[in-house]
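Visitor: Mind looking over this structure? Questions follow.
The values are calculated or read from the model by the stated rules, or taken from the named source; none is laboratory data. No experiment lies behind these values; they were computed from the predicted model shown. Counting neighbours? That spans all protein chains shown, and the Cβs are built from the backbone with ideal geometry, glycine included. The protein model used for the area step is the full one, side chains on, heavy atoms only, and it has no ligands, DNA or RNA in it. Shrake-Rupley method; radii C 1.70, N 1.55, O 1.52, S 1.80 Å.
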Amino acid sequence: MDGLPIDLLLTELVGRRPLDDERWRGLSASDWKVLERLADDHRCRPALHRLRGEEQLIPRNIRAGWAESFRASTLAALAKRAELVRIARDLGGAKIAMAALKGAWLAWDVFPEPGLRPLRDLDILVPQDRAVEARARLFALGYEQWDETALPLEERVARFKHLPALVSREGHVVEIHTRLWDDDGRMPLHPTALLERRVESAALPGLFVLSPSTA
């Protein structure tokens, strides 16, 4: 193709730039295949359905794929929401403070629809001194270790921001974080007492998230 690289064309799609341009009409089937791969890599396909699902310059089969991606993402979000609430209730029952991080917060409290923010895993933040206990409780809920580690758990907690990932029987992957980034000298000092300033999720009562003003 001539003109902008495919990755910049994807940026134009997501950025709602008008498509009444000859370069869009000139895209070949292979160009669209590359664009689709990039959109999948960046988890943009559900959003493209919402933003561009009616654009006639976009091939029908591409738009149909975006629609199916949005549907699948929405169904997955419903399952992950139920799992997140289940974990929150269990840890809450043990008096272990917890906050949903990253996509587990964004999908419901920031995006207009959870299916627009595909989730690969669920990230949760717990107190550092109770991380091993929280992990044990997830094992009791049926989780197994997914990521391998040669380090003892206590050393892993001391050195890294999260414990090895766990996976449920249903395929939900959870990372238990004790801080937002590794204290390795490359980042600012980590903020303290974040969990003391958590707030209840506006979308999911009973689930707590970090207040945007505290991060």
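Visitor: In whole percent, what relative contact order does the stretch 1-75 give with Cα contacts below 8 Å and a gap of six or more residues? Mind dumping the intermediate values first?
Guide: Values: 49 pairs, mean separation 24.5, N = 75.
Relative contact order for the stretch 1-75 comes out at 33 percent.
Visitor: Hey, another quick one. When each pair of different Cα atoms in the stretch 93-215 is counted once in the 1/r mean, what is the Kirkwood radius in angstroms, to one decimal? Provide the component values of the computation, followed by the final result.
Guide: On the way: mean 1/r = 0.0657 Å⁻¹.
About 15.2 Å, per the Kirkwood formula over Cα pairs.
Visitor: To continue, here is another question. At 222 nm, what value in deg cm²/dmol follows for the chain if DSSP H runs of at least 4 each add -39500 (n - 2.57) and the sum is divided by all its residues, to the nearest 500?
Guide: Working: 8 runs with 92 residues, N = 215.
It comes out at -13000 deg cm²/dmol, rounded to the nearest 500.
Visitor: Continuing with the same structure: In vacuo Debye scattering of the stretch 1-124, one point per C-alpha: log10 I(q)/I(0) at q = 0.17, 0.20 Å⁻¹?
Guide: -0.85, -1.06
Visitor: Right, something else. Summarise the accessible area of the stretch 148-207 (1.4 Å probe, protein heavy atoms) by the percent that is carbon and sulfur.
Guide: 53 percent
Visitor: Using unit Cβ charges (K, R positive; D, E negative) and no other charged atoms, how large, in debye to the nearest 20, is the dipole of the chain about its Cα centre? Spell out each step's value before the answer.
Guide: Values: 32 positive and 33 negative charges, 106 e Å.
Its charge dipole is roughly 500 debye.
Visitor: Taking the Cα centroid of the stretch 148-172 and of the stretch 15-72, what is the distance between the two, rounded to the nearest whole Å?
Guide: That distance is 37 Å.
Visitor: Averaging sequence separations of C-alpha pairs under 8 Å and six or more residues apart, then dividing by the length of the stretch 49-171, give the relative contact order as a whole percent.
Guide: Relative contact order comes out at 20 percent.
Visitor: DSSP loop (so not H, G, I, E, B), at most 16 other Cβ within 10 Å: list which trypsin sites (Lys or Arg not before Pro) in the stretch 1-70 pass both filters. Write down the numbers at each step before the final one.
Guide: Numbers: sites: 16, 23, 25, 33, 37, 43, 50, 52, 60, 63; in loops: 16, 43.
In loop regions of the stretch 1-70 (DSSP not H, G, I, E or B), the sparsely surrounded trypsin sites (Lys or Arg not before Pro) are 16, 43.
Visitor: Between residue 169 and residue 56, what FRET efficiency follows from the Cβ-Cβ distance if R0 is 41 Å, with the result rounded to 0.05?
Guide: Details: r = 44 Å, r/R0 = 1.08.
Approximately 0.40, to the nearest 0.05.
Visitor: On to the next question. Among the lysines in the chain, how many pairs, 8 or more places apart or on different chains, have alpha carbons under 23 Å apart?
Guide: Details: 80/95; 80/102; 80/161; 95/161; 102/161.
Taking the Cα cut-off of 23 Å, the pair count is 5.
Visitor: Another one. For residue 29 and residue 79, compute 0.36 nm times the residue count separating them, minus their Cα-Cα distance, and round to one decimal in nm. Write out the running numbers ahead of the final one.
Guide: Numbers: separation 50, 0.36 × 50 = 18.00 nm, distance 3.45 nm.
Gain on extension, residue 29 to residue 79, equals 14.6 nm.
Visitor: What fraction, in whole percent, of alpha-carbon pairs in the chain exceed 30 Å separation? Can you show the working numbers first?
Guide: Details: 8436 of 23005 pairs.
Across the chain, Cα pairs with separations above 30 Å total 37 percent.
Visitor: Rounding to the nearest 20 debye, state how big the charge dipole of the stretch 1-115 is about its Cα centre with +1 on each Lys and Arg Cβ and -1 on each Asp and Glu Cβ.
Guide: Working: 19 positive and 17 negative charges, 123 e Å.
Charge dipole of the stretch 1-115: 600 debye, to the nearest 20.
Visitor: Filter the GluC sites (Glu not before Pro) in the stretch 73-175 to those in DSSP coil with at most 13 other Cβ atoms within 10 Å of their Cβ, and list the result.
Guide: Details: sites: 83, 133, 144, 148, 154, 155, 170, 175; in loops: 148, 170.
Here the sparse-neighbourhood loop sites are 148, 170.
Visitor: Which residue, chosen from 97, 143, 180, occupies the Cα position most advanced towards the positive end of the dipole of the stretch 83-195, where the dipole is computed from +1 (Lys, Arg) and -1 (Asp, Glu) charges on Cβ about the Cα centre?
Guide: Of the options given, the answer is 97.
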